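Just below is one structure, and these are the notes that go with it.
The values are calculated or read from the model by the stated rules, or taken from the named source; none is laboratory data. Bear in mind the structure is a predicted one, so any value in this text is a computation, not a measurement. Here Cβ is always computed from backbone atoms with ideal geometry, including for glycine, and neighbour counts include all displayed protein chains. All accessible areas refer to the heavy atoms of the entire protein, side chains included, with ligands and DNA or RNA removed. Shrake-Rupley method; radii C 1.70, N 1.55, O 1.52, S 1.80 Å.
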Amino acid sequence: MSQPPQPPQGFGAPQDQPPGFGAPPAMPPQPPQAPPAPPAPPVPPAAPPAPPVPPAAPPAGPTPPAYGYPQAPPPPAPGGYGYPQTPQTPQTPQTPQTPQTPPGGYGYPAGYGYGYAQQPPPPPAKNKKRAVALVGAVTAFVLLAGGGVWYAVAGGGDDGKDDQAKSSSATKDGGKGKGKDDGGEAAGKDAGKAKEGKFLFGAEQPSIKDSSRPAGGMWITDKVFAKGDLDKVVGYGLTGGKQWEIPLDGDICSAPKHVTADGKTAVLVAQAPPSSSKPYGGPCNQVVALDLNNGKKLWQKSVGLGDKEVTFAEVTVGGGTVAAGGLGGGAAWSLDGKELWKPKADDACRDDGYGGGNKLVAVQRCGDYERPQLKVQTLDPATGMPKSSFKVPNGIDYAHIVSTDPLVIGVNAGDHTGNGVSDFMAIDDSGKDGKLRSKVATENGKFAPRCPSTAVEGCYRLAVGKDTLYLPSDDHQTGKSGEAGRINEVVAFDLSNGRAKGKTDGRVSSTMVPIGTDKDGAAIAYLTASWRAGGTVVRIDPNSFAAQELLKNPLATQKIESQISPQFEPAIWAQGRLYLGRNYVHKPSPFAEGKEYIAMIWGTG
């Protein structure tokens, strides 16, 4: 069976889930246009979209868990975005209500500035040295509060060496820091200097008559940049230039982000392309393994069940196994094409889909479709037998695999923001019975990741490093007098306890979006291009949370760069270059200025 249609994902984000039988593909949104510029800017921008409606004021206290979560310690008084706190117990789903703006404007407790909370008086100083330290701590607290999103400062010992909560306020250019890039090279003397980027290459979007067609999939190896296209996958050089293409039978229904060390991956493909008799093409039942380094199709497989072929919703690659799943169940093959398992007609439980990477993790659905019992199982990728199984709390209809190592899932328990996830759960899968380690709530819109409602893989606008979950806050006013514009932050959560442990400030009039991590566990984030600046790639230090600029693109090309926004579509930072790609292609826009691209490469050369 095909997957049911998905509800809208919020903010006009495109559906990552491929269309089922008869369902028209989702039309991807155009990136938001920039706001009007002050007099005589370098590039006159267009008007911005209306700002999102502010969220309601936080509830006075937590309500008992509604769907089987274990009890969590009571949270402290609520603070601003990024406030370190014990994770709140999920609330009972309620009927959505129109958010009410609290006195003082968006996010203001009455009588204070944005995100400001009353400051407790400092204890008496034991000596002059201690008094100086306390005055400094108070000053830091007030400065952080005035920045719009504040982070508490903890006191230290009598020696005046206070331990401060780790946070950073990046500069308007994205901040500076130290560390290694994702290629592992030492930052050296120029660690604080951003590399000036430029537009290296763009693959033009093909012309189509349909309103939109899926063209997902984007991968980087040490030899090639590969991108899904209309009924094919195309390989380019790492800095541009077409090298090969692999034709496919139909549209790309699903494409994982994972690729093996030797350049192998897989895609789920429709049985046939759209035609006059079948305007949406054939069912998604063909699994195709690809060798990207050599531009070759390794094999193509389907699975029969009775007199029909099984329709899948997703495919991934994990632990050296290609696995596809959907409402009809799951199947898997080795990379050399050997069938490892497939669904059976009498199965009481079936695999909705899989999460890949270093491990292979299944979301298994048992029982009635309307009242399912979900399990998240870490599998032996060679046999499909569960090595660990975690029972998802009752009342959850879908689960998302965000990361397999460490194991992090996303669930939706009454969230009304349209982002598809209300809570993230870190799971200990070291034993036969998986155990809940921690929970992190998106707090009904305070944090803004995105998870397609029914997809197992596909969450974006987030990153998972070494036991750390990085989430972007929602955009909000700066809270600074005389500084117009909106801003957001990336907040780091410790997966061992679910508490916020640091945050990194973004840039006014841009949105900071996590797009991945490097081998050291540091988050890589992208600050969107705007009328004030070109897009910027930064590395968030996992200890200090300072932002080191890795690539700073020019303002002059911000309109080209804004064609493909990592707020909605894939972005990869690899080998010192930024790769942007579309999930869908569409009819030429009558408002486009110049060429439209399906993929872009930005870098220094």
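Miscellaneous remarks
- Of the criteria (1) closer than 23 Å to His400 by Cα; (2) hydrophobic (A, V, I, L, M, F, W, C); (3) in a strand (DSSP E or B), which one Trp299 fails: (1)
- Subset of region 540-564 [under 22 Å from Tyr460 (Cα atoms) and touching a Phe, Trp or Tyr at 6+ places or on another chain (Cβ under 9 Å)]: Ile540, Leu550, Leu551, Glu561, Gln563, Ile564
- Those strands (runs of 3 or more DSSP E) of region 505-605 in which at least 1 residues are open to solvent by 20 Å² or more (accessible area, probe 1.4 Å) and among the hydroxyl-bearing types (Ser, Thr, Tyr), considering only elements entirely within it, cover 512-517, 597-603.
- Options Ile401, Ile396: the member that is under 18 Å from Leu436 (Cα atoms), open to solvent by less than 20 Å² (accessible area, probe 1.4 Å) and either part of a loop (DSSP other than H, G, I, E, B) or of a type in the set (Asp, Glu) (or both): Ile396
A quick yes/no check of all residues on (1) of a type outside the set (Asp, Glu); (2) modelled with pLDDT under 95; (3) more than 23 Å from Leu290 (Cα to Cα):
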residue	(1), (2), (3)
Val310	yes, no, no
Gly326	yes, no, no
Ala362	yes, no, no
Pro372	yes, yes, yes
Ser388	yes, no, yes
Gly395	yes, yes, yes
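- Matching residues, region 548-574, being touching a Lys or Arg at 6+ places or on another chain (Cβ under 8 Å) and over 23 Å from Arg450 (Cα atoms): Gln548, Glu549, Leu550, Leu551, Lys552, Asn553, Pro554, Leu555, Thr557
- Within region 483-492, tally of residues that are in contact with a strand residue (DSSP E or B) (Cβ under 7 Å, 6 or more places away or on another chain) and in a loop (DSSP other than H, G, I, E, B): 1
- Top-ranked residue of region 381-404 - restricted to ones that are of a type in the set (D, E, K, R) and under 25 Å from the mean Cα position of the chain (by Cα), ranked as nearest to Gly326 (Cα to Cα): Asp397
- Considering region 485-504, the residues that are open to solvent by 10 Å² or more (accessible area, probe 1.4 Å) and over 21 Å from Asp428 (Cβ atoms) include one that is nearest to the chain's Cα centre (by Cα), namely Ile487.
- Answer from Val287, Val259 - the residue that is under 23 Å from the mean Cα position of the chain (by Cα) and either hydrophobic (A, V, I, L, M, F, W, C) or modelled with pLDDT under 95 (or both): Val259
- Cβ separations smaller than 6 Å between residues 6+ apart or across chains give the following pairs from region 319-335 residues that are within 12 Å of Thr265 (Cα to Cα) to residues that are of a type in the set (S, T, N, Q) and buried (at least 23 other Cβ atoms within 10 Å of the Cβ): Ala323/Thr316.
- Matching residues, region 239-251, being free of Cβ contacts under 8 Å to residues at least 40 places away in the same chain and closer than 23 Å to Met600 by Cβ: Lys242
Here is a yes/no grid of residues against (1) in contact with an Asp or Glu (Cβ under 6 Å, 6 or more places away or on another chain); (2) assigned to a strand (DSSP E or B):
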| site | (1), (2) |
| --- | --- |
| Gly418 | no, no |
| Gly431 | no, no |
| Arg437 | yes, yes |
| Val440 | no, yes |
| Ser453 | no, no |
| Val456 | yes, no |
| Ser481 | no, no |
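- The selection criterion, being part of a strand (DSSP E or B) and open to solvent by less than 40 Å² (accessible area, probe 1.4 Å), holds for Thr316.
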